[in-house]
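Trainee: Could you have a look at this structure, given as structure tokens, before my questions?
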Amino acid sequence: MNRILIAEDEERLAAVMQKGFKKNGFVTTVAADGEQALKMAVGEDFELLLLDLGLPVKDGWAVLKELRSQGEKLPIIIVTAINDECNRDIALSLGANEYVTKPFRFSDLIEKVKSYLKK
């Protein structure tokens, strides 16, 4: 069973994502802030992280940097409302695998997730 960690502070979006992934056979857990996401990503057995950049407590940038500096190989897909090439390029250079902007088509996100879980 594929386990996905969703780091998202918008409760409605997190619930929609959880429901959609469950329908597609995935098991998900939601972290509502960056500190929680970091602890869960390191301490639990997830196969992929969906990471919002605008998280409270510790933002997604810090989570991304810390995970990669610790050598964490977990695929990370940034899911954010920040829609500009500069931030996309920075996120990818820091070790993110993909950069998806909100709003997004859920079917597109599912395809990206599946492509990383096959590797």
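The values are calculated or read from the model by the stated rules, or taken from the named source; none is laboratory data. Because the structure is a prediction, the values reported are computed rather than measured. Glycine also receives a Cβ, built like all others from the backbone with ideal geometry; neighbour counts cover every protein chain displayed. Ligands, DNA and RNA are excluded from the accessible area calculation, which covers all protein heavy atoms including side chains. Shrake-Rupley method; radii C 1.70, N 1.55, O 1.52, S 1.80 Å.
Trainee: Could you list, ordered by first residue, the pairs with Cβ atoms under 6 Å in which the first is in the stretch 24-45 and at pLDDT 95 or above and the second is assigned to a loop (DSSP other than H, G, I, E, B) and β-branched (Val, Ile, Thr), at least 6 apart or interchain?
Mentor: Partner pairs satisfying both residue conditions: Asp33/Val57; Gly34/Val57; Glu35/Val57.
Trainee: So how many residues does the stretch 54-74 have that are touching a strand residue (DSSP E or B) at 6+ places or on another chain (Cβ under 7 Å) and farther than 20 Å from Asp9 by Cα?
Mentor: So the answer is 1.
Trainee: Here's something else I'd like to know. Scan the stretch 79-89 and tell me whether some residue there is basic (Lys, Arg) and surrounded by 15 or more Cβ atoms within 10 Å (Cβ to Cβ). So that I can check it myself, show each step before the final result.
Mentor: Here is the first cut: in the stretch 79-89, the ones basic (Lys, Arg) are 88.
When the remaining residues are screened for being surrounded by 15 or more Cβ atoms within 10 Å (Cβ to Cβ), the result is 88.
Yes.
Trainee: Next up: Just to check your reading of the model, which residue among Leu92, Leu50 is modelled with pLDDT of 95 or more and open to solvent by less than 20 Å² (accessible area, probe 1.4 Å)? Working first, answer last.
Mentor: Details: Leu92 fails: open to solvent by less than 20 Å² (accessible area, probe 1.4 Å).
Residue meeting the stated conditions: Leu50.
Trainee: Can you pull out the residues in the stretch 95-119 that are aromatic (Phe, Trp, Tyr) and under 15 Å from Ile78 (Cβ atoms)? Spell out how you get there, then give the answer.
Mentor: First, the residues of the stretch 95-119 that are aromatic (Phe, Trp, Tyr): 99, 104, 106, 116.
The answer is Tyr99, Phe104, Tyr116.
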